[in-house]
Amino acid sequence: MAQTTIERERHTEERSAYAIAIRQLEAAAHYLNLDRSLLEVLKHPRRELIVNFPVKMDDGSIRVFTGYRVHHNPARGPAKGGIRYHPEVTLDETRALAMWMTWKCAVVNIPYSGAKGGVVCDPKRLSVHELENLTRRYITEISMLIGPESDIPAPDVGTNPQVMAWIMDTYSMHKGYTVPAVVTGKPIAIGGSEGRLEATGRGVMVMAHEALRQLGRTLEGATVAIQGFGNVGSATAKLMHQAGAKVVAISDVRGGIYNPNGLNIPALLHCAGRDGCIQAYRDAELITNEELLELPCDVLVPAALHGVITGHNAERIQARIIVEAANGPVTPDADEILDDRGILVVPDILANAGGVVVSYFEWVQDLQAFFWEEEEVNLKLEKAMRRSYHHVAQTAEQNKVNMRMGAYIIGVNRVAEATTIRGIYP
Ligand code: GLU
């Protein structure tokens with residue numbers, strides 16, 4: 001059979017995130033005994049938009065940036081997924097992230113299909129003004145895709161509520177009226193949801209709690225190491241600390257700190273987001289990001305980028321449980337090793353779904369123009385996460401597979417079912 005362009009690219013790229021996503025899908029398809037032609041449909045993103053666009057910089061020069069927006073399988077609802085600003089954004093990575101969003105929304109049973117977007121840039125090296133120009137122009141370039149009924153962006157690595165506000169404003173200016181439901185993760189003042197900022201971290205905390213419970217332990221007193229101190233890492237640290245866990249290590253792109261007696265999380269949260277915050281902390285040993293992953297602890301939370309636990313270091317991981325707050329932090333090679341070693345991995349498409357669950361709540365509130373209190377949001381989130389955890393754990397047990405495969409079986413099955421029931425047009 002002739003290969004599609006995507007298949008050719010996938011075979012030539014080393015460490016391709018999309019190749020990993022395909023490997024995971026194929027394994028799930030095997031368990032589900034999925035029809036081959038249906039598998040072919042699910043393997044391919046439905047549409048991919050590449051945009052190259054000029055941005056006026058502060059010094060008067062003009063720079064051309066490249067951005068992407070990918071929709072995976074549209075069967076279960078409008079496309080949903082974050083926008084990433086990072087120097088290493090690629091089409092391959094965006095494809096993988098879009099596919100993971102599809103399974104994630106299906107696992108927690110919210111009516112969306114997966115999408116992802118990104119711009120190749122280093123937001124830390126752009127002024128606020130340049131970041132705003134870049135965002136407004138990127139959104140204009142992908143405006144044929146986005147809309148409250150078609151594709152709803154959200155924050156991801158390198159973007160934040162302010163960027164979401166510019167997205168909402170740009171889209172609204174084009175329409176001529178205000179459309180809050182076009183994007184989620186917005187500031188509360190313009191239709192954001194209570195609880196959205198901490199939602200991914202809250203979900204991660206609930207997952208750690210459930211995983212520990214499964215092993216006859218509690219979060220109270222459990223030791224936790226967190227890689228990443230961005231939105232997700234810092235919220236996870238805060239909520240874990242509040243729940244009585246002992247956060248012993250944390251890191252950012254520059255490196256990390258470790259104190260087996262626990263870190264002063266409230267003090268660290270004070271300077272979160274500022275360069276050098278972690279490194280200036282006194283009462284701990286400086287460690288590298290690689291060392292953090294290999295520390296003795298009960299719960300390891302990779303909350304940065306994909307591909308950090310691989311066949312090379314999986315043998316040295318000492319955590320009892322890994323909760324994947326990032327998308328794709330553990331590679332399939334590492335999965336096999338961790339399985340053999342009895343380390344429980346709560347997979348990304350379940351573990352970090354709290355963000356998109358509250359994004360869904362935000363979208364519903366915007367569409368109804370009726371807003372909920374934080375308590376209600378958090379309660380509904382925790383309920384959805386717990387229910388999904390137990391569904392995944394049960395499915396894993398019934399099929400004698402790990403939690404990742406349990407989650408894939410549920411997610412892929414729901415999308416396959418929707419695709420089949422809708423039929424092929426025309
Ligand atoms: N970027 C987040 C994720 O990977 C959130 C997506 C959303 O809220 O739509 O799940």
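The values are calculated or read from the model by the stated rules, or taken from the named source; none is laboratory data. Since this is a predicted model, take the numbers as computed values, not measurements. Neighbour counts run over all protein chains shown; Cβ positions are idealised from the backbone, glycine included. Heavy atoms of the whole protein, side chains included, go into the accessibility calculation; ligands, DNA and RNA do not. Shrake-Rupley method; radii C 1.70, N 1.55, O 1.52, S 1.80 Å.
Could you list the square roots of 5 times each eigenvalue of the Cα gyration tensor of the stretch 199-342, that is, the equivalent ellipsoid semi-axes, sorted largest first and rounded to whole Å?
Three semi-axes, in Å: 22, 17, 14.
Return one quarter of the surface area of the convex hull spanned by the alpha-carbon atoms of the chain, equal to its mean projected area, in nm².
The number I arrive at for the chain is 20.9 nm².
When you have a sec, figure out the Kirkwood radius of the stretch 46-179 from all distinct Cα pair distances and drop it here in Å to one decimal?
14.9
Run the dipole for the stretch 199-342 about the Cα centre, Lys and Arg Cβ at +1, Asp and Glu Cβ at -1, nothing else charged, and hand back the magnitude in debye, nearest 20.
620
Along the positive direction of the dipole of the chain (beta-carbon charges: Lys, Arg +1; Asp, Glu -1; about the Cα centre), which of 182, 215, 240 reaches farthest?
The Cα lying farthest towards the positive end belongs to 182.
Please report the antiparallel percentage of the DSSP beta bridges confined to the stretch 46-179, to the nearest 5.
Approximately 60 percent, going by the DSSP bridge assignments.
Sort 407-416, 202-211 for me by packing, meaning the mean count of neighbouring Cβ atoms within 10 Å per residue, highest on top.
Descending packing order for the listed peptides: 202-211, 407-416.
I'd like to compare 363-369, 172-178: which one has the highest average count of other Cβ atoms within 10 Å, and what's the full order after that? Provide the component values of the computation, followed by the final result.
Values: 363-369: 16.4, 172-178: 10.9.
Listed from highest to lowest mean packing, they are 363-369, 172-178.
For residue 56, which aspartates and glutamates qualify as cross-link partners when the Cα separation must be under 17 Å and same-chain residues fewer than eight apart are set aside?
122, 130, 132, 141
Setting aside same-chain residues fewer than 8 positions from residue 43, which lysines have a Cα under 19 Å from its Cα?
80, 104, 116
Can you check what the net charge comes to around residue 253, using other residues whose Cβ is under 15 Å from the Cβ of residue 253 (Lys, Arg +1; Asp, Glu -1)?
Surrounding charge for residue 253 is -1.
Counting Lys +1, Arg +1, Asp -1, Glu -1, what net charge surrounds residue 195 among other residues with beta carbon under 15 Å of its beta carbon?
-3
Name the residue from 138, 226, 195 whose Cα lies farthest towards the positive end of the charge dipole of the stretch 123-253, charges +1 on Cβ of Lys and Arg and -1 on Cβ of Asp and Glu.
Towards the positive end, the residue furthest out is 226.
May I ask for the net charge around residue 359, where only other residues with Cβ less than 9 Å from the Cβ of residue 359 are counted and Lys, Arg are +1 while Asp, Glu are -1? Kindly include the intermediate steps, with their values, before the conclusion.
Working: positive: 80, 196; negative: 362.
With Lys, Arg at +1 and Asp, Glu at -1, the neighbours total +1.
About the Cα centre of the stretch 207-286, how large is the charge dipole given +1 on each Lys and Arg Cβ and -1 on each Asp and Glu Cβ? Please answer in debye to the nearest 20.
It works out to roughly 80 debye.
Let's see if you can work this out: charge +1 on each Lys and Arg Cβ, -1 on each Asp and Glu Cβ, no other charges. What is the dipole magnitude of the chain about its Cα centre, in debye to the nearest 20?
Roughly 700 debye, rounded to the nearest 20.
With the dipole of the chain worked out from charges on the C-beta (+1 for Lys and Arg, -1 for Asp and Glu) around the Cα centre, which of 337, 389, 276 lies farthest toward the positive end?
Farthest towards the positive end: 389.
Per residue, how large is the accessible surface of the chain? Use a 1.4 angstrom probe and give square angstrom. Please list the in-between numbers first.
Working: 18320 Å² over 426 residues.
I get 43 Å² per residue for the chain.
For 169, 348, give me the order by solvent-accessible area with a 1.4 Å probe, most accessible first, ignoring ligands, DNA and RNA.
Most to least solvent-accessible, the answer reads 169, 348.
Counting only protein heavy atoms and using a 1.4 Å probe, what share of the accessible area of the chain belongs to carbon plus sulfur, as a whole percent?
C and S atoms contribute 51 percent here.
Just checking the chain: which Cys have no other cysteine's beta-carbon under 4.7 Å?
Taking the Cβ cut-off of 4.7 Å, the unpaired cysteines of the chain are 105, 121, 297.
Within the stretch 340-380, which GluC sites (Glu not before Pro) sit in a loop by DSSP and count at most 14 neighbouring Cβ atoms inside 10 Å?
Numbers: sites: 362, 373, 374, 375, 376; in loops: 373.
Answer in residue order: 373.
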